[in-house]
Structures are given as structure tokens and as C-alpha cells.
Amino acid sequence: MKTILLNVTPEETRMVMVEDGRLTEMEVERPVHSHLVGNIYKGRVQNILPGMQAAFVDIGQKKNAFLYLGDGPSSDGKHSGGAEKISVGQSVTVQVVKDAVGTKGPRVTTRISLPGRNIVLMPTADYIGMSRRISDEEERDRLHGLAQDICPAGMGLIIRTLAAGQDRETLEADVRYLSRLWESLCARERVLSAPALLYRDADMAIRVARDLMTEEVERLIVDDADTYRRVKELVSYISPALENRVELYEGNTPLFREYGAEEEAESLTDREVELPSGGFLVIDRTEALTVIDVNTGKFVGNANLSDTVYRANMEAAEEILRQLRLRDIGGIIVVDFIDMETEEQKEGLLAFLREHAKKDRIKTNIIGITALGLVEITRKKSRRNFESLLYSDCPCCHGSGRVESPETVAIRICRDIRRIEDRSHADFGYEVEVHETVAYALMDSPLVERLTAELGVKVGFVIKPGMHPESYAILQRGNGR
């Protein structure tokens with residue numbers, strides 16, 4: 001069974017899901033950095049790049065949104081892949097499918113989807129889709145037939161996992177509500193000028209109640225009275241049988257501390273993750289992909305080497321999938337497992353990964369093992385993960401994780417002083433303002449003495465508090481200095 005904890009403060013809302021005493025999901029939302037995914041805007045086309053099959057749309061955010069022209073509308077509002085069908089200055093209704101990341105603006109689509117408890121309404125599409133998690137073929141056929149009967153003309157529906165076992169009346173109620181919502185959005189679109197927000201997706205607390213509150217959830221514990229009332233009211237409407245599972249926490253110890261979630265939540269940005277057997281993972285994230293290395297560490301096993309390696313990899317595989325969910329790592333993931341000897345072991349590892357990846361709400365694909373023995377995984381990403389909210393690039397290294405060594409900076413200073421062509425103004429020498437680490441490196445090296453002898457002028461160094469480790473300022477000394 002699962003337990004969901006909602007910690008609510010004016011500054012941020014945090015959610016963790018606990019399964020069998022261990023965290024499996026975490027999400028953070030802050031009002032000042034609220035996610036855009038799901039929001040619907042009336043935007044205005046600012047630029048078109050036919051060679052990239054792309055348009056950039058002003059939706060009222062700091063950065064223009066990226067629209068793939070395969071999703072773009074034609075002049076009659078239907079979907080078309082041609083760049084010639086839209087023009088600069090044209091207004092277009094779009095929905096955010098991916099938050100802005102780094103230097104990239106949000107990604108949008110004109111294929112609008114409105115999520116309900118059991119179904120998703122697609123006003124601009126015309127097909128029936130179904131959750132891959134509904135595996136029973138008889139139930140899939142039943143739901144597909146219902147969807148065809150209740151789907152509004154010219155629109156589409158996606159049957160969500162929670163629809164399994166629901167009757168026609170329940171699904172119809174979702175369709176009626178979402179259809180009215182779409183009508184109200186269309187009315188707003190007709191009277192508002194672009195750029196304008198037409199619809200804002202629900203906040204985290206409501207999304208949790210709408211999307212995660214299922215029979216598998218034993219308790220949903222909230223530590224804020226107002227949020228508790230909102231969540232309980234929604235659950236009582238959409239799933240009355242689960243209403244008594246929503247609880248208000250009023251203890252003196254902070255909620256996450258009380259349930260042992262705070263310490264693990266704080267460790268989610270650690271580069272290394274320890275495994276129960278003594279092995280460990282090393283997780284490195286780049287702009288393009290995430291690389292995970294599996295190490296045996298202190299794990300030596302009790303059998304032969306082949307069995308030890310296989311057991312270590314299987315343990316690592318389970319933890320890797322948990323970390324992907326916890327850290328909300330998306331995109332391309334490459335895992336360097338410990339080399340295995342037999343094809344049977346490799347296939348066993350892949351089968352294990354594929355089976356356990358089904359637990360993830362986010363679509364996760366286990367691609368296979370490359371010629372170099374690396375396992376490739378892809379995981380859909382849309383919202384900014386919590387790490388991007390908690391951290392910003394280091395002002396010293398600008399996100400690279402390293403700065404030039406003091407010796408490197410000192411050598412660069414000497415090179416720059418040698419390059420000064422007109423030394424007539426340096427009769428009294430030079431004074432260089434540096435970071436303290438560079439000053440100490442210079443004190444312990446012969447660089448200054450060598451430079452002074454070579455140029456025939458004095459060169460001194462002054463520690464400048466607050467200066468960047470790679471920065472310096474070369475000043476000419478005056479008569480009195």
C-alpha cells in the first residue's frame with residue numbers, strides 16, 4: 001500500500017509518495033516558479049523557421065514557446081504539418097507540454113488535452129486512446145466501446161487507468177464537465193487578445209487528489225487545514241469511498257520528519273547513492289542525457305564472480321528505477337552496469353527493468369543493451385524537476401563543476417603582464433588584485449621572483465575579498481605606491 005504526504009507552506013508545496021516504507025516519488029511546486037505544463041494560452045506567432053519546421057509563439061512568458069509545425073493549425077483551424085499554413089502575427093491556441101529548461105523556452109502544441117479523473121478530452125483530435133496500464137483485453141474492449149458512444153462529435157478521448165471498472169454514468173460525467181470547460185475556454189479565446197492565459201492547470205494538491213488518489217493509496221496526509229479541506233472535498237466528489245483516507249496532520253513535529261521522509265528527500269541531489277549490499281550508484285546529469293554508473297563497492301557476494309555481478313546488477317536496477325522516479329529524471333538515460341558474462345543474465349536484467357518500469361506513471365522505455373554493454377533508457381520529461389527548483393548554477397563555475405586552478409590563473413597573470421607592450425607607465429611596477437587562493441599559490445612559487453627579474457619592475461599582489469577565483473585586475477603602481 002501507498003502513503004502520500006503533502007507538506008504545504010506559503011512558499012512551496014512538497015509531495016512524497018511512500019511505498020513499503022520507502023520514498024518512490026517526490027515533487028516540489030513553488031508559486032514563484034509554478035509549472036506551465038497543462039496551461040492553455042492564446043498566443044501570437046512571432047517567428048517561423050521553415051527549415052526547422054518550427055514556429056516561436058509569444059504566450060506572455062519570458063521566453064517564446066516552441067511549436068513544432070507538425071502540430072500547427074491551418075487557416076481553417078484543422079491540423080497541418082505545413083509551415084505555409086501559419087504566418088507571423090497570427091493568433092493560435094496552444095497548450096504547454098514541456099516546461100522551459102535552461103536556455104530553452106516551453107514547448108507547446110495545438111493538440112489540446114483536458115484531463116479529468118477517468119478520461120482526457122481532446123477537443124482538436126478525433127481518435128480513442130487508452131492507458132497501457134489497463135491490460136485486461138475484455139476490459140479494454142468494454143471501455144473502448146463506451147468511449148465511442150460518449151465521445152463528442154469531432155473530438156477524441158483517452159481512457160485513463162482509473163477508468164478501469166467504472167460505469168458509463170461515471171465516464172459520461174467526466175465528458176460533460178470537460179466539454180463545458182472547453183466551451184468556456186473557447187468563449188475566452190474569442191474575447192481576449194493574445195498573448196493571454198485561457199486555462200491554468202490545477203495546483204499540486206488538486207493534481208495529487210485527481211491523479212494519484214486510488215485504491216492503492218492507504219492514506220493521504222496533509223499538514224495544512226485549507227489544503228486538507230480542498231483535497232477532501234474533491235476526493236469526496238470523485239471517489240467517495242476514499243474520502244476517509246484523507247487525513248489532516250496536526251502534530252508538532254514537521255510532517256516529513258514525523259514519517260522519516262525529510263532526510264531521504266534531502267539526499268536526492270547526492271551524486272552517489274548507496275545500495276543495501278554495499279555497492280553504490282554514481283549519477284551524473286548533463287544537458288543531453290543522464291549517465292549512471294554501477295559499482296560493486298564493498299559487495300563481494302557468497303558465490304562465484306558471475307553470480308555476484310548479476311546480483312549486484314539486479315539490486316542496482318531496482319534502485320535506478322526508483323531514483324528515476326524520485327528525482328524525476330527524464331530524457332535519455334545511459335546505465336553502465338557491471339559487465340555480465342552470459343546472454344541469459346543480460347536478458348534477465350532487461351526483463352527485470354521492463355517489468356519494474358511499468359510501476360512508473362511516466363512513460364519509461366528500456367531500449368536494450370548497446371555494443372559497449374550500456375543499457376539505454378528513455379523517460380518522458382515535461383515539468384521542471386525539483387532539483388532545478390532547489391539549485392541554480394554556481395556563480396564560480398557556472399555549472400561546470402570546476403574552476404581553473406590557482407596555478408593556472410597565476411600563469412595567465414604572468415602571460416598578460418608580459419604582453420603589455422607599453423611599459424613606460426609601469427616604472428613603479430604592477431599590483432595585481434587576485435582571489436586569496438591565487439595569492440597563496442603565488443607566494444609558494446617562484447613566478448613572481450622570476451617575472452620581476454625578467455621585466456626589471458616590481459610585481460605585487462593584493463587579496464581582493466569577494467573576487468571570482470578566475471578573475472584578476474592588473475594595475476600600474478603610482479609614484480607613491
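The values are calculated or read from the model by the stated rules, or taken from the named source; none is laboratory data. No experiment lies behind these values; they were computed from the predicted model shown. For neighbour counting, all protein chains shown are included, and Cβ atoms are generated from backbone atoms with ideal geometry for every residue, glycine included. Only protein heavy atoms, including side chains, enter the accessible area calculation; ligands, DNA and RNA are left aside. Shrake-Rupley method; radii C 1.70, N 1.55, O 1.52, S 1.80 Å.
Working from the alpha-carbon coordinates of the stretch 89-160, get Rg over Rh, Rh being the Kirkwood radius.
In the stretch 89-160, Rg relative to Rh is 1.10.
About the Cα centre of the chain, how large is the charge dipole given +1 on each Lys and Arg Cβ and -1 on each Asp and Glu Cβ? Please answer in debye to the nearest 20.
Rounded to the nearest 20 debye, it is 1940 debye.
If I fit a long axis through the Cα atoms of helix 225-238 and take the longest principal axis of the Cα atoms of the chain, what angle between them do I get, 0 to 90°, rounded to 10?
Taking the Cα atoms of the chain, the angle to 225-238 is about 40 degrees.
Can you sort L171, L197 by solvent-accessible area, 1.4 Å probe, largest first?
Output order, biggest surface exposure first: L197, L171.
If the cut-off is a Cα-Cα distance under 27 Å, which lysines reach K104, setting aside same-chain residues fewer than 8 apart in sequence?
The reachable lysines, counting only those whose Cα sits under 27 Å from K104, are K42, K62, K63, K85, K363, K380, K381.
Just the accessible area per residue of the chain, please: how many Å² with a 1.4 Å probe?
Dividing the accessible area of the chain by its residue count gives 53 Å².
Taking the simple approach of a point 7 Å from Cα along Cα-to-Cβ for both V457 and E19, what is their distance in nm?
Between V457 and E19, the label points sit 6.9 nm apart.
Using a probe of 1.4 angstrom, how much of the accessible area of the chain is carbon and sulfur, in percent?
Carbon and sulfur atoms account for 49 percent of the accessible area of the chain.
Pick out, from V335, T378, S306, the residue whose Cα sits farthest towards the positive end of the charge dipole of the stretch 306-390, with +1 on the Cβ of Lys and Arg and -1 on the Cβ of Asp and Glu.
Of the candidates, T378 comes out farthest on the positive side.
Output the Cα-based Rg and Dmax of the stretch 362-405 in Å, rounding Rg to one decimal and Dmax to a whole number.
16.3, 43
Wrap a convex hull around the Cα atoms of the chain, take a quarter of its surface area, and give that in square nanometres.
Dividing the Cα hull surface by four gives the mean projection, 34.0 nm².
With axes computed from alpha carbons, what is the tilt in degrees of helix 305-327 against the longest principal axis of the chain, rounded to the nearest 10 within 0 to 90?
Approximately 80 degrees, to the nearest 10.
With the contact rule set at Cα under 8 Å and sequence spacing of 6 or more, what percent relative contact order holds for the chain?
12 percent
Answer with one residue from A125, F256, L234: the one whose Cα lies farthest towards the positive end of the charge dipole of the chain, charges on Cβ with Lys, Arg +1 and Asp, Glu -1.
A125
To the nearest 10 degrees, how steeply does helix 406-419 sit against the main Cα axis of the chain, on a 0 to 90 scale?
Around 60 degrees separate the two axes.
Which sequence of T253, T24 reflects their accessible areas, 1.4 Å probe, from the largest down?
Heavy-atom accessible area, descending, gives T253, T24.
May I ask you to derive the relative contact order of the stretch 432-481, considering only C-alpha pairs under 8 Å and at least 6 residues apart, and to give it as an integer percent?
59 percent
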